[in-house]
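Step one of this worksheet: look at the structure below.
The values are calculated or read from the model by the stated rules, or taken from the named source; none is laboratory data. Note that this is a predicted model, so its numbers are computed, not measured. Every residue, glycine as well, gets a Cβ built from its backbone with ideal geometry; the counts of neighbours run over all protein chains shown. Please note that ligands, DNA and RNA were not included when accessible areas were found on the heavy atoms of the full protein model with its side chains. Shrake-Rupley method; radii C 1.70, N 1.55, O 1.52, S 1.80 Å.
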Amino acid sequence: MEILFYIFSTLTLLCGALVVFNPFSRNPVTSAMFLVLTIICMSGLFVLLKAFFLAAVQILVYAGAVIVLFLFVIMLLNIKEEERQRFRKFGTFLGAAAVAGLAWILVTTVMNSRAGERSVANNAGETKPLGELLFTNYVLPFEIVSLLLLVAMVGCILLSKTPETEEETE
Amino acid sequence: MSTTQEIEIRDTAAKVAAADELTDVKGEKMVLNMGPSHPATHGVLRLRLEMDGEIITKAEPDVGYLHRGDEKIAENMTYNQFLPYTDRLDYLAPLANNVHYVLAVEKLLGITDDLPERCQYIRTICCELARVSAHLLGLGAFAMDTGAFTVFLHTFTEREKIYYLIEALTGARFTTSYTRVGGLSRDLPEGWLDELSKFLDEVEINFDETETLLTRNPIFLERTQDVGIITREEAIDFGLSGPNLRGSGVEHDVRKAQPYMIYDRFDFDVPVGTTGDCYDRYAIRILEMRESVKILRQCIADIPGGPINVDDGKIVLPPKEKVMTNMEELIHQFMLVTQGQDAPVGEIYFGAENPKGELGFYIHSLGGGTPHRLKIRAPSFVNLSILSQLLPGHMIADVVAILGSLDFVMGECDR
Amino acid sequence: MTQKTEIGYNSKVEGEVIHTTVDAAVNWFRKNSMWPMPMGLACCGIELMAAGCSRFDISRFGSEVMRFSPRQSDVMIVAGTVTYKMATAVKRIYDQMVEPKWVIAMGACASSGGMYRSYAVLQGVDQILPVDVYIAGCPPRPEAVLEGLMKLQSKVAKEPWAKQHFKPTAQ
Amino acid sequence: MTGVGLEHYLVVSAVLFCLGLLGVVIRRNLIVMYMSLELMLNAATLALVAFSHFQPPTPNGSPFDGQIMVFFIITVAAAEVAVGLALIVALYRKRQTIDVADLTSMKL
Amino acid sequence: MTDWFTSLTPNEQFAIFSLLKIMIAVFTVVLPMVAYSVVAERRISALIQDRIGPNRVGPFGLLQPAADGLKFILKEDFTPAYARKVYFWLAPAVAMVPALLTLAVIPFGSQLGSQKAVIADLNVGILFTFGIVSLSVYGIVLAGYASNSKYPFLGGIRSSAQMISYEIAMGLSVVPVFMLVGDLNLSAVIDYQKSGAWLILKQPIAFVIFLVAAFAETNRLPFDMPEAESELVGGYHTEYSSMKFALFFLGEYAAMIAVSAMMVVLFLGGWTLPFAGLNETATSLGMGLLQVGIFIGKLLLFMGLFIWVRWMLPRFRYDQLMDIGWKRFVPLAIANIVVTAIYLYLTHGK
């Protein structure tokens, strides 16, 4: 099982890195495809953590819908590849340095916290108790989230409607 | 030291695509080139569609991919010699083209009233048989365009039976060249009428079956109803004819409006649509075929005996035995073969109801055996002119349905 | 007078044998799976349809899969009059087909211009494409189309595929 | 090699989060930036699932609390992506670009 | 070899076994089935259309798929100059794989010898299936994008919208099934139906929605928008040739087999045949094989339905398809869930 963890986590990080900066291609579709791979590897990690339901949902929602939506938009807008020349060298360096600093802080904090020593792996992986919990203790957040989805849907429809009379109103 | 230079050779298609990109409208619109080789364009029509997503905002039909110069060829041929070229105009109904062409020439020669009864009846049979055959294919292709492939094979099976009949009648399955100026190339074969009436019984069953597959099929209704609506005014303005005109509710059929041949003797209705959508055009074709069957039945019942050709040696080739024995007939034969019929000076227009619409021949004669100018009024060409008006606002799948329902033939459109 | 007889291993003969066997196999696949690209340009297109329909049924030869995408088809059936305006399109579609590809010129117009000796008509599609089989007729009957297909099959059966692709190095 | 514990997952999560952040900082294509945001969200979900898995049993908490959080995160992320992409499309319609460097004015 | 194998943890053994089973199942059962469903399609369509169909190649035309397949392998592998190469090559593989992976969790029998007749008996089997099925859209979208050509592009756009929409209807339609069964494991679904209470009888609405959505997910007529022949020439695979096209072609049939298998398991009781007394776990190998046979028989029934419908109906228009999906099937599926919930509450509720 340990070897699986290392495989999955390496792949996750590698693909995640390729989403962000791919030396071979600046094509957004490439980023999207590596994001799919990242998601799939992450759901592998979820399986190792015995979160089977979330692993499936992760693939179903992210890989099956969200990233297809990304691809859809990329294709619809017919986005050309980013121009390499316009890459700000100084800004990039600064940003990378800041993020590296943050990463350093995060990793050292995690390492120093010795969180692993106090933790006990529980093998709860069933889907049923998850569902029960969702509809008992967490029913209010659940309803709020569903309302959020509705609002998002209405918002999307409103946004993507072709503004026919907008010119006059402005 | 030599330097090598890399030359980029790209696919021609890529070049054209690059060229197309220049004409692309900026923003979200996209230019789609449909045809000239595309399953929905029934031959070689090309449509240049400008689209916003799936919705068409502009459509430009581009015709001429099958322009063979028929009209020019006609100027160098005697009237009978041009007959085979009329087969290839509306190649779904060659028999009707033949008949209407010779009717035009006969009008020029002024012998329309001399035609024997039997000839007129046989010509009517030819026209109506051609109408059934053309509409069968039109329906099948329409169904195929909307995705119902089996209907196409279903109707084509009936067409094969018509081919069989035509072959017995004319000697050719497809390109018939059956009529002659002043008559027909041969009389009906023996027992042909019986086979025809047998076929008529069978084909009516086929109509019913086709209707069960399509007429009340909800998917087909969704695809065709309220799609591609041509209003009455539009239809008249664009000069549509045939089922496409009648689908829009205009009761105009040349057979009724200006009866030619013997159409005034038959009892038949002219089906008329109400909304002018694709479904109406489909329904009109089905009904029209049923009316054609009705006319054919009446023909079979009434057909008289007698000669099939005009009794005029200057128009129709005399019988062989007379040619060999009589001087006058020999001269007629010689003159007809080398010079053709001597037409008077003048110009005529003759339009008749072809399956696709009003097929007209305008002949300008300076005398002699060949026309000075022969213009063909092709119904498909006129019917297609409405496309740039009709298509915008529809989706790309509707284009296919509309093209199918307009039922055009590029052979006569481009001529 | 002495007769030369070669005894023993003859790489040339062996090679031929292997080649012929491979050829036979390859050509068998190819000839039995001819997917047409129907260039239905004019009247002949209707008879081509007839060949695909119930009475003549080209599908018996495995050729009913009419692919309108040139990339997926094997044999282009040019059915109808090729005008100069259309010729560029026909040529381009032929170029888009992938090897191995064959061409059947169906009917008089595609073969030679036929009865259209006019300013607008290409006098035979063989001026722009390498035609494998010509079918006579104006238009040819569906039986003739089937025969043309069978002719093409027997032609394909004799193609030296292996020889072209695996040239023996040691002679 | 010691057993894989909580901190291993947390490190992966942290690095993934930073990768996402890096993407938001250095990329200029709005859509790619958006994908990087998704990476960050996913890093958070990974951490939560790991916490949930390694949580010692406590009287007033269930081992599923973390997973439930993740469930909500995924839902919110889906909603967020939908709205965000709709915004991007609307923006593209107006400006014909989605490069952040070109989108400098507040007014459309 | 055996030492090495026994030294592995049960989980690793499970993984290796599963991979082995997947390979065996794919190469000996699924691929031939895919190939012959193409022949079946051609012969059945010929039957419907009053024709004969392929009969020259081998006895009764049975070697037709071999000829077609090997021809494709030997054809020039062409990539258009203006295509986006990596995705152009990737897409056909992506189209084929998900359909085959789906079959991994389908229980195609009860017991074969000592092995359970399912490749991987996951306890979230159905979610896994939906996850994998949802990946199959990538093949089409990538093909449409990579071809860099207008007809494939339209096909790609259409399919991404279509497949996402119908996944929702499909997913919602099976929720009542699992509400009744009370488990997400597909073997449990079959156990539930052992007594003869096939879910097609209990959940006919769910079955109909699932069936229609299955047509949409596999891009079969009347929902074959992405490749609509008369509109988009070949749709997303217009630019594809030789083996890459063949993969798309076969992928469609593999997907058909996958959804048919799912329908058999979910609604037709899988390998059981209660009125013939075949509803108990097999004890002998012969019995096990018979049950596999029953499963395949039911599967072929659905395949026949797919083929029959394809040759009988016209095709929808893109917007009509979306309308049907969103405005009819999704509300209907939700209503079905509510009704089932009320029923369960009344009968089993506290």
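Is it fair to say E:Ile205 is at pLDDT 80 or above and open to solvent by 30 Å² or more (accessible area, probe 1.4 Å)?
yes
So A:Val19 clears everything in (1) buried (at least 24 other Cβ atoms within 10 Å of the Cβ); (2) within 11 Å of chain E (Cβ to nearest Cβ) except one condition, right? Which one?
Single failed check for A:Val19: (2).
In the stretch B:48-60, is there at least one residue being crowded, with 21+ Cβ neighbours inside 10 Å and under 17 Å from the mean Cα position of the chain (by Cα)?
Taking every residue of the stretch B:48-60 in turn, none turns out to be crowded, with 21+ Cβ neighbours inside 10 Å and under 17 Å from the mean Cα position of the chain (by Cα).
Could you please give the count of residues in the stretch E:40-52 that are open to solvent by less than 60 Å² (accessible area, probe 1.4 Å), within 10 Å of another protein chain (Cβ to nearest Cβ) and either over 21 Å from E:Phe302 (Cα atoms) or aliphatic (A, V, I, L, M) (or both)?
3
Output the residues belonging to the stretch B:86-126 that are open to solvent by 10 Å² or more (accessible area, probe 1.4 Å), of a type in the set (D, E, K, R) and under 10 Å from the mean Cα position of the chain (by Cα).
B:Arg88, the sole residue that qualifies.
For residues in the stretch D:71-89 being of a type in the set (Val, Ile, Thr) and modelled with pLDDT of 85 or more, which is surrounded by the fewest Cβ atoms within 10 Å (Cβ to Cβ)?
Checked the stretch D:71-89; the qualifying residue surrounded by the fewest Cβ atoms within 10 Å (Cβ to Cβ) is D:Val76.
Need a quick list: helices (runs of 4 or more DSSP H) entirely within the stretch B:306-415 having at least 3 residues that are open to solvent by 30 Å² or more (accessible area, probe 1.4 Å) and touching a residue at least 12 places away in the same chain (Cβ under 8 Å).
Where helices (runs of 4 or more DSSP H) fall fully within the stretch B:306-415 and carry at least 3 residues being open to solvent by 30 Å² or more (accessible area, probe 1.4 Å) and touching a residue at least 12 places away in the same chain (Cβ under 8 Å), they are B:327-338.
Out of B:Val227, B:Val132, which single residue is in a loop (DSSP other than H, G, I, E, B), open to solvent by less than 10 Å² (accessible area, probe 1.4 Å) and either in contact with a helix residue (DSSP H, G or I) (Cβ under 8 Å, 6 or more places away or on another chain) or of a type in the set (Phe, Trp, Tyr) (or both)?
One residue alone meets the criteria, B:Val227.
Could you check, for the stretch A:24-40, whether at least one of its residues is closer than 18 Å to D:Ser36 by Cβ, in contact (Cβ under 8 Å) with a residue 40 or more places away in the chain and surrounded by fewer than 20 Cβ atoms within 10 Å (Cβ to Cβ)?
Within the stretch A:24-40, one or more residues are closer than 18 Å to D:Ser36 by Cβ, in contact (Cβ under 8 Å) with a residue 40 or more places away in the chain and surrounded by fewer than 20 Cβ atoms within 10 Å (Cβ to Cβ).
Would you check which residues across the stretch B:177-210 are within 14 Å of another protein chain (Cβ to nearest Cβ) and either open to solvent by 20 Å² or more (accessible area, probe 1.4 Å) or in a loop (DSSP other than H, G, I, E, B) (or both) and list them?
B:Ser177, B:Glu202, B:Ile205, B:Glu209
Being surrounded by fewer than 20 Cβ atoms within 10 Å (Cβ to Cβ), in contact (Cβ under 8 Å) with a residue 12 or more places away in the chain and of a type in the set (Phe, Trp, Tyr) is the filter here; which residues of the stretch A:1-16 pass it?
A:Phe5, the sole residue that qualifies.
Considering only the stretch E:91-113, how many residues are at pLDDT 80 or above and either at the interface with another protein chain (Cβ under 8 Å from one of its Cβ atoms) or surrounded by fewer than 18 Cβ atoms within 10 Å (Cβ to Cβ) (or both)?
1
Examine the stretch E:208-217 for a residue that is touching a helix residue (DSSP H, G or I) at 6+ places or on another chain (Cβ under 6 Å) and either open to solvent by 20 Å² or more (accessible area, probe 1.4 Å) or not in a helix (DSSP H, G or I) (or both), and state whether such a residue exists.
No, the stretch E:208-217 contains no residue that is touching a helix residue (DSSP H, G or I) at 6+ places or on another chain (Cβ under 6 Å) and either open to solvent by 20 Å² or more (accessible area, probe 1.4 Å) or not in a helix (DSSP H, G or I) (or both).
Identify, by number, the condition in (1) in contact with a strand residue (DSSP E or B) (Cβ under 9 Å, 6 or more places away or on another chain); (2) within 10 Å of chain B (Cβ to nearest Cβ); (3) open to solvent by 30 Å² or more (accessible area, probe 1.4 Å) that C:Gln96 doesn't meet.
All conditions pass for C:Gln96, except number (1).
Quick one: which residue in B:Phe142, B:Phe174 is in a helix (DSSP H, G or I), within 14 Å of another protein chain (Cβ to nearest Cβ) and surrounded by 20 or more Cβ atoms within 10 Å (Cβ to Cβ)?
B:Phe142
Going by the structure shown, is C:Val78 open to solvent by less than 20 Å² (accessible area, probe 1.4 Å), among the aliphatic types (A, V, I, L, M), more than 14 Å from chain E (Cβ to nearest Cβ) and touching a helix residue (DSSP H, G or I) at 6+ places or on another chain (Cβ under 6 Å)?
Yes.
Can you give me the number of residues within the stretch D:1-18 that are of a type outside the set (Val, Ile, Thr) and modelled with pLDDT under 85?
Here the count works out to 8.
How many residues are among the polar types (S, T, N, Q) and more than 8 Å from chain C (Cβ to nearest Cβ) when one looks only at the stretch E:53-90?
Summing the residues that are among the polar types (S, T, N, Q) and more than 8 Å from chain C (Cβ to nearest Cβ) in the stretch E:53-90 gives 1.
Just one of the numbered conditions (1) crowded, with 19+ Cβ neighbours inside 10 Å; (2) modelled with pLDDT under 80 is not true of E:Phe60; which one?
Checking E:Phe60 against (1) crowded, with 19+ Cβ neighbours inside 10 Å; (2) modelled with pLDDT under 80, the one that fails is (1).
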